[in-house]
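Participant: This is the structure I want to talk about, given as structure tokens.
The values are calculated or read from the model by the stated rules, or taken from the named source; none is laboratory data. Computed from a prediction, not measured in an experiment: that's the story for all the values here. Ideal geometry is used to build each Cβ from the backbone, glycine not excepted, and the neighbour counts take in all protein chains shown.
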Amino acid sequence: MKYRFFGEPGLHIMDSETGHPLYKFNDNGEIILSDDNPFLKRMMNHYQHEPVEPVAVNAQPEQDVTAEPFKFNCRKCSFETNNHGAFLAHCKKEHPKEVK
């Protein structure tokens, strides 16, 4: 179960031992922490809180997403590859810069 804590918007909760910020209240003045958080009991003593009911997620079938590999195309000829190193080697060998 998760808990929603209420405080001042933008307020940082600092670790007393290290002095580093642990959490920050959002623009609405809320933080949501799970019940396995080690700071939960301490925060319950200092801030107003309420339990958050879990929301059921609509089960959608996974779509088969296959991304095309990125292609490197030579502007000067029809060479095409998906390996950047091979593309650079091609450019250096086939289309060397002219020395002035």
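Participant: Got a number for residues in the range 81-99 being in contact (Cβ under 8 Å) with a residue 12 or more places away in the chain, surrounded by 12 or more Cβ atoms within 10 Å (Cβ to Cβ) and part of a loop (DSSP other than H, G, I, E, B)?
Facilitator: Total satisfying the criteria: 1.
Participant: Here is a list of conditions, (1) within 30 Å of PHE6 (Cα to Cα); (2) in contact with a helix residue (DSSP H, G or I) (Cβ under 8 Å, 6 or more places away or on another chain); (3) at pLDDT 90 or above; (4) not polar (S, T, N, Q), and CYS74 meets all of them except one; can you say which number that is?
Facilitator: Of the numbered conditions (1) within 30 Å of PHE6 (Cα to Cα); (2) in contact with a helix residue (DSSP H, G or I) (Cβ under 8 Å, 6 or more places away or on another chain); (3) at pLDDT 90 or above; (4) not polar (S, T, N, Q), the odd one out for CYS74 is (1).
Participant: Right, here's the next one. Tell me which of these LYS41 doesn't satisfy, since it passes every other one: (1) exposed (fewer than 11 other Cβ atoms within 10 Å of the Cβ); (2) at pLDDT 90 or above; (3) assigned to a helix (DSSP H, G or I).
Facilitator: Among (1) exposed (fewer than 11 other Cβ atoms within 10 Å of the Cβ); (2) at pLDDT 90 or above; (3) assigned to a helix (DSSP H, G or I), LYS41 violates only (2).
Participant: What number goes with the only condition from (1) at pLDDT 90 or above; (2) surrounded by 14 or more Cβ atoms within 10 Å (Cβ to Cβ) that PRO9 does not pass?
Facilitator: Result: PRO9 fails condition (2) only.
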